[in-house]
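Reviewing the structure listed below.
The values are calculated or read from the model by the stated rules, or taken from the named source; none is laboratory data. Everything quoted here is computed from the prediction, not taken from an experiment.
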Amino acid sequence: MARSNNKIVVPEAKAAMEKFKMEAANEVGVNLKQGYNGDLTSRQAGSVGGQMVKNMKTIRRARFVRADRTATGHEIEVRYIAGIVL
């Protein structure tokens, strides 16, 4: 039997994710109810998930090496990380 790895890392975020899912369902015209929604078609469920992914912004990462301004001939690694805003 397969085990799911889809676990919410921050338990307090469960309510926010449920709200986000309901908003995405309303945007694509799928009628979700609280609890189990096993009567949805694969197309409907996929459209809700797709809308959620579409509304999320991925984390952007950039890394590069530049000359150290304090020590001649040395280099330092610079990292930029941009987070998610919903």
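Looking only at residues in the stretch 10-22 that are aliphatic (A, V, I, L, M) and in a helix (DSSP H, G or I), the one that is nearest to the chain's Cα centre (by Cα) is Met17.
Considered as a group, the residues in the stretch 23-65 that are part of a loop (DSSP other than H, G, I, E, B) and within 20 Å of the chain's Cα centre (by Cα) include one that is modelled with the highest pLDDT, and that residue is Met56.
Filter the stretch 73-86 down to the residues that are β-branched (Val, Ile, Thr) and at pLDDT 80 or above and list them by number. Once the filter is applied, which keeps residues that are β-branched (Val, Ile, Thr) and at pLDDT 80 or above, the stretch 73-86 yields Ile76, Val78.
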